[in-house]
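In what follows, a single structure is set out as structure tokens and then discussed.
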Amino acid sequence: MTLMKLPLGKIPADLLKEIVFKNLGVNRSEVVLGPSAGIDGAVIEVGKRSLIVSMDPVTGALERIGWLAVHVNANDIATFGVEPALLFSCILLPETADREVVEMISMQMNEAAKALGIAIAGGHCEVTPKLANPIVVGCAMGITEKGNYVTAAGTKQGDKLLLTKSAGIEGTAIIASDREKQLKKAITSQTLDSAKRFFDNISVVKEAIIAFKTGGVNAMHDPTEGGLDGGIHEMADASRLGVKIFEEKIPISHETVEICRYFKIDPLQLISSGALLISAKPRSANTIIKNLLRSGIQASIIGHFLENPKERFIVRKDGKAQTLPRPISDHLWQVIQQM
């Protein structure tokens, strides 16, 4: 019998359900929301408070890896409508690492944590044999009043699907930074410099809290690995709904378009930390957009949710409806494998 290798990045959702989710230790009453496909974190009840906990690694980036690790984990907490408060980290270093690498990652994490009001409460750091590049795993936590949060599973039929900023933000920044020499031959220095600054747009904490406080939000999710297409599927999976989105409504920056065209990858399947998917009651959608815009955050209605979970469509710019692609692996890995 030939065993099939797993794709790079997140393991497929069916393996999560068939293997990972069946091996979760004992049931404890404090865990009111445990592991589930499409949901960014867990909810643990402690007295009159709910503790939101999430964990994510940064594996596909070389530049600003520590900074990214803080923000991508903070983002997961914010999608619950809760401000991130604490972070634990595990820093794994290759055998070639030196004191400067440790200092660089630590300083990046400190800068990002201070900007978000997060305390780095603990963790671990080691040199790991046979590791090619550093890996930083983060575990973020937020504290809120009991029940005062939303999850990605809260989407309702008929909800409007909003997207903040644009698709492919994190992937654009990573590729522009890590493949700068190659891209200099293909795109202008102005476009490349602008793409590298996309790191500054990685956080969704501000917009998630604004949207949640506005009201009418049923669910939020940040499209990380698998990009926008993957993130939308994860929301639909979590809520057992269908979805219809419109390609012409999805903002994609010209920097992302040019980089994706050069590497022949799909911007809608490129890691998109920095964008936020919001499932909102129809009557609340425009109010949320207005409140976000007042804070300088662009947002667009890109589709709506359907009753039948088997109906997941993207209407292309030519008007033709197609099945919404479910990414096998984030397209960032296609670029990394070309190195």
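General observations
- Considering the stretch 293-303, the residues that are of a type outside the set (S, T, N, Q) and farther than 15 Å from S166 by Cβ include one that is surrounded by the fewest Cβ atoms within 10 Å (Cβ to Cβ), namely R294.
- When residues of the stretch 273-292 are limited to those that are crowded, with 24+ Cβ neighbours inside 10 Å and hydrophobic (A, V, I, L, M, F, W, C), the one farthest from T164 (Cα to Cα): A280
- Lone unmet requirement of (1) modelled with pLDDT of 95 or more; (2) closer than 17 Å to A173 by Cα for A85: (2)
- Test: M141 is assigned by TED's automatic domain parsing to the domain that holds T256, touching a residue at least 40 places away in the same chain (Cβ under 8 Å), of a type in the set (A, V, I, L, M, F, W, C) and within 19 Å of V43 (Cβ to Cβ): no
- Flag if G242 is small (G, A, S), in contact (Cβ under 8 Å) with a residue 60 or more places away in the chain, more than 22 Å from I328 (Cβ to Cβ) and not assigned by TED's automatic domain parsing to the domain that holds P84: no
- Selection status of E126, within 29 Å of Q337 (Cα to Cα) and in the same structural domain as I65 (by TED's automatic domain parsing): yes
- Check on L276, at pLDDT 95 or above, outside the structural domain of G117 (by TED's automatic domain parsing), within 27 Å of G158 (Cβ to Cβ) and touching an Asp or Glu at 6+ places or on another chain (Cβ under 6 Å): yes
- Out of I135, I174, sole residue that is surrounded by 15 or more Cβ atoms within 10 Å (Cβ to Cβ), β-branched (V, I, T) and modelled with pLDDT of 95 or more: I135
- Positions within the stretch 97-117 being surrounded by 15 or more Cβ atoms within 10 Å (Cβ to Cβ) and part of a loop (DSSP other than H, G, I, E, B), in sequence order: A97
- Within the stretch 92-115, residues that are touching a residue at least 24 places away in the same chain (Cβ under 8 Å) and more than 15 Å from N133 (Cα to Cα) reach partners that are in a helix (DSSP H, G or I) and of a type outside the set (F, W, Y) with beta carbons closer than 6 Å, at six or more positions or on different chains, in the pairs Q108/G66; M109/G66; M109/V70; A112/V70; A112/H71; A113/V70.
- The single condition among (1) outside the structural domain of L86 (by TED's automatic domain parsing); (2) in contact (Cβ under 8 Å) with a residue 24 or more places away in the chain; (3) over 26 Å from I288 (Cα atoms) that F212 does not satisfy is (3).
- Looking only at the stretch 234-266, and only at residues there that are under 23 Å from D193 (Cβ atoms) and buried (at least 24 other Cβ atoms within 10 Å of the Cβ), the one that is nearest to the chain's Cα centre (by Cα): T256
The values are calculated or read from the model by the stated rules, or taken from the named source; none is laboratory data. Just so you know, these numbers come straight off a predicted model, no measurement behind them. Note: ideal-geometry Cβ built from the backbone for every residue, glycine included; neighbour counts use all protein chains shown.
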